[in-house]
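Report on the structure given below.
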C-alpha cells in the first residue's frame with residue numbers, strides 16, 4: 001500500500017517536472033531570439049540607417065530609411081483597408097450575430113485567419129498586380145489589409161460581446177434608437193478592446209514578409225507614389241540576410257531589432273490595455 | 001443576450017417583410033430607418049470577409065488553370081521541376097512541406113502539451129498570465145526575424161554540434177546520414193516547431209481551462225494526485241480540443257514561408273536524410289514567383305498556392321469540427 005502510494009507520488013513529481021521542463025524548453029528560443037537579435041542589432045543602429053538610402057551593391061554605409069517609411073506607408077494602407085471592414089464586421093457579428101449570414105461571416109473570418117500569408121500574396125498578385133501591370137505599394141497594402149481583417153473582426157466581436165447588456169438596455173430605455181446606442185454606448189465602452197485588436201493586427205502586418213514579395217516588391221529609392229514598388233523593412237531584412245555582404249548583415253540585424261522591438265512593444269501594450277479590463281481568470 | 005434585446009432582434013429582422021405588423025413592434029419602438037440602414041451598412045462590410053475568401057478561391061483556381069489542365073493529378077506526383085523545359089512536377093516540394101511539418105509537429109506537440117498542462121493545471125495563479133503571455137510572444141516575433149536568427153545562430157549550431165552528435169549516435173539510420181550542413185530539413189522542421197508551439201500551447205490551454213472544475217474535484221476527492229487528475233479527468237475530456245490545437249498548428253506549419261525559406265536550403269530533391277537541403281511549397285513560391293517567366297511556370301507556382309490554400313482551409317474546418325465536438329460534452333463550458 002505504502003509503496004504504491006510512493007510510486008504515485010513519484011510519478012506526480014516526475015510529471016510536474018516534465019511540464020516545467022517543457023515550459024523552460026519553450027522559453028529557450030524566445031530568450032535566444034530576443035537576446036541574440038538585441039546583441040547583434042544594437043551595435044549596428046545608427047542615425048544614418050534611419051535617414052539614408054541603401055548604398056549601391058558592394059559599398060558599405062547607407063541606410064534603410066526608405067524601407068522604414070515604406071513599412072509605415074504599407075501598414076497605413078493596410079489599416080485603411082482592414083480597420084473599417086474589420087471593425088464594422090465585428091459590430092455586425094456582435095450586435096446582429098444570430099443570422100445564418102452572420103455565421104457564414106464568422107466562419108469566413110476564422111478560415112481566413114488560417115490561410116497562409118503567401119497565398120494571400122498570390123491572390124493579390126493575380127488581382128491587383130496583373131491588372132495594374134506592375135508591383136505597387138497599393139497591392140502590398142491591400143495584401144496586408146486582408147491579413148489584418150480576421151484578427152480585427154474577431155477581437156472586435158469578442159470584446160463588444162463583453163459590453164454588459166444592461167448598458168444597451170439603459171440606452172434603449174431612454175428611447176435612443178439602437179444604432180445610436182451601438183455607436184455611442186457600445187462602441188465607446190468597447191473601444192479599448194477594439195484598439196487592442198487593431199494593435200495586434202498591426203503588429204502582425206508590420207512583420208509580414210511573404211505577401212509583400214510579389215505585391216509591393218522592393219525599391220532602392222524613396223517612395224514617391226502608391227502605384228510604384230516600395231521598399232519595406234521585412235523584405236529588406238530578407239534581402240540583406242541572404243546576401244553575402246558583411247555590412248548588409250549588420251544592417252539586417254539592426255532592422256530586425258527595430259522590427260522585433262516594435263512588434264513586441266505593440267503586443268505588450270495591447271496586453272496592458274486588456275489587462276485592467278478582465279483581471280484574473 | 002437579454003430577452004429585451006432578443007425581442008428587438010426579431011423585430012428588426014421581421015421589419016422589412018411585415019412593416020405594419022403592428023402592436024409589438026411599436027411597443028419595442030425601434031423600427032426606425034436609422035436602425036435598418038445601420039444594419040445594412042454593417043452587414044455590407046461584414047460580407048467583405050466572405051467575398052474575399054470566395055474571390056481568393058476563384059482567383060487562385062483561375063491563375064492555376066493552365067497548369068491544372070496541362071498536368072492534372074500527375075502534377076503532385078512527378079518530380080521533375082524544370083522551368084527551362086516547361087515541365088513541372090511538384091512532388092519534391094509536397095514532400096518537403098509534409099516532412100518538415102510532421103517533423104515540426106513531432107518536436108512541438110509534446111512540449112506544447114506540457115506547457116498547456118502547466119499553464120492550465122499546475123502553475124500557481126500569479127505566474128499563469130505572465131508565463132502564458134511569454135509563450136504567446138513566441139508567436140508575435142516576425143517570421144523573417146526567426147529566419148535571420150536561423151541563418152546565423154540555429155543553422156551553425158546544428159552544423160557544429162547537433163548534427164555531428166546525431167550522426168555519431170544514430171548515424172546507422174538513413175535519417176541522420178550525410179554531410180552536416182546546418183541548412184536543411186532539420187533546421188526547417190526545428191524552426192517550424194518553434195513557430196507553431198505557441199499556437200498549439202495556447203489553444204490546448206484554453207481547451208483545458210474550459211473543462212469544468214467539477215471534473216477535477218471529482219478526481220481529487222477520490223484521492224488522485226494532481227497528475228492523475230490531469231491524466232484521468234482533464235486530458236480525456238480535452239482530447240478532441242487538443243487534437244484541434246494540433247491541427248491548427250499543422251495548418252500554420254504547412255503555410256509558413258519566410259523562416260523556412262531562409263534555413264531549409266532550397267533544393268527540390270527528395271532525400272531520406274534530415275541533414276539534406278530541401279524545399280517546401282511555400283519556399284518555392286517565395287523564391288521563384290517574381291522571376292517566373294512564362295504563363296505555364298507562373299500557373300504551376302500558383303497551383304502550389306492553391307493547394308496550400310485548399311489544404312489549410314480543410315484543416316481549419318476540421319479543427320472547428322473537433323472543437324465543436326468538445327462543446328457538446330455534457331456539462332462542459334465552451335472552448
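Observations on the model:
- Given (1) more than 7 Å from chain A (Cβ to nearest Cβ); (2) at pLDDT below 95; (3) within 30 Å of residue A:266 (Cβ to Cβ); (4) in contact with a helix residue (DSSP H, G or I) (Cβ under 9 Å, 6 or more places away or on another chain), number of the condition residue B:67 does not satisfy: (3)
- From B:185, B:208, B:195, residue being closer than 30 Å to residue B:233 by Cβ and surrounded by 17 or more Cβ atoms within 10 Å (Cβ to Cβ): B:208
Results for (1) surrounded by fewer than 19 Cβ atoms within 10 Å (Cβ to Cβ); (2) assigned to a helix (DSSP H, G or I); (3) over 24 Å from the mean Cα position of the chain (by Cα), shown as yes or no for each residue.
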site: B:230; (1), (2), (3): no, yes, yes
site: B:242; (1), (2), (3): no, yes, no
site: B:246; (1), (2), (3): no, yes, no
site: B:270; (1), (2), (3): yes, no, yes
site: B:285; (1), (2), (3): no, yes, no
site: B:290; (1), (2), (3): yes, no, yes
site: B:293; (1), (2), (3): yes, no, yes
site: B:302; (1), (2), (3): no, yes, no
site: B:314; (1), (2), (3): yes, yes, no
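- Tally of residues being more than 7 Å from chain B (Cβ to nearest Cβ), farther than 21 Å from residue B:191 by Cα and surrounded by 15 or more Cβ atoms within 10 Å (Cβ to Cβ) across segment A:1-45: 2
- Checking residue B:157 against (1) part of a loop (DSSP other than H, G, I, E, B); (2) within 14 Å of chain A (Cβ to nearest Cβ); (3) surrounded by fewer than 24 Cβ atoms within 10 Å (Cβ to Cβ), the condition it does not meet: (1)
- Filtering segment A:51-58 for residues that are more than 27 Å from residue A:186 (Cβ to Cβ), surrounded by fewer than 17 Cβ atoms within 10 Å (Cβ to Cβ) and at the interface with chain B (Cβ under 7 Å from one of its Cβ atoms) leaves an empty set.
- When we screen A:147, A:130 for residues that are under 24 Å from residue B:253 (Cα atoms) and either modelled with pLDDT under 95 or more than 8 Å from chain B (Cβ to nearest Cβ) (or both), the only hit is A:147.
- The set of residues in segment B:107-134 that are touching a residue at least 60 places away in the same chain (Cβ under 8 Å), facing chain A (nearest Cβ under 7 Å) and surrounded by 23 or more Cβ atoms within 10 Å (Cβ to Cβ) comprises B:115, B:117.
- Residues of segment A:221-239 satisfying the condition of being within 18 Å of residue A:206 (Cα to Cα) and out of contact with any helix residue (DSSP H, G or I) (no Cβ under 7 Å at 6 or more places or on another chain): A:229, A:239
- Selection within segment A:74-116 - buried (at least 19 other Cβ atoms within 10 Å of the Cβ), more than 7 Å from every other protein chain (Cβ to nearest Cβ) and within 24 Å of residue A:218 (Cβ to Cβ): A:74, A:75, A:77, A:78, A:79, A:81, A:82
- Residues that are within 18 Å of the chain's Cα centre (by Cα) and at the interface with chain B (Cβ under 7 Å from one of its Cβ atoms) were ranked within segment A:118-127; the one that is surrounded by the fewest Cβ atoms within 10 Å (Cβ to Cβ) is A:119.
The rows are residues; the columns are (1) in contact (Cβ under 8 Å) with a residue 24 or more places away in the chain; (2) within 12 Å of residue B:275 (Cβ to Cβ).
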| position | (1), (2) |
| --- | --- |
| B:154 | yes, no |
| B:160 | no, no |
| B:173 | no, yes |
| B:185 | yes, yes |
| B:193 | yes, no |
| B:198 | yes, no |
| B:203 | yes, no |
| B:208 | yes, no |
| B:214 | yes, no |
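- Positions within segment A:53-66 being in contact with a helix residue (DSSP H, G or I) (Cβ under 7 Å, 6 or more places away or on another chain) and over 15 Å from residue A:250 (Cβ atoms), in sequence order: A:53, A:65
- Any hit, segment B:179-191, residues being touching a helix residue (DSSP H, G or I) at 6+ places or on another chain (Cβ under 6 Å) and facing another protein chain (nearest Cβ under 10 Å): yes
- Yes/no for residue A:180 being out of contact with any helix residue (DSSP H, G or I) (no Cβ under 6 Å at 6 or more places or on another chain) and under 27 Å from residue A:73 (Cα atoms): no
- Subset tally (residues that are without any contact (Cβ under 8 Å) to a residue 60 or more places away in the chain, surrounded by fewer than 19 Cβ atoms within 10 Å (Cβ to Cβ) and part of a helix (DSSP H, G or I)) for segment A:159-201: 14
- Residues considered: A:72, A:130. Of these, the only one that is free of Cβ contacts under 8 Å to residues at least 12 places away in the same chain, part of a helix (DSSP H, G or I) and under 24 Å from residue A:193 (Cα atoms) is A:72.
The values are calculated or read from the model by the stated rules, or taken from the named source; none is laboratory data. Quantities reported herein were computed from a predicted structural model and do not represent experimental measurements. Note that we place each Cβ from the backbone using ideal geometry, even for glycine, and neighbour counts take in every protein chain shown.
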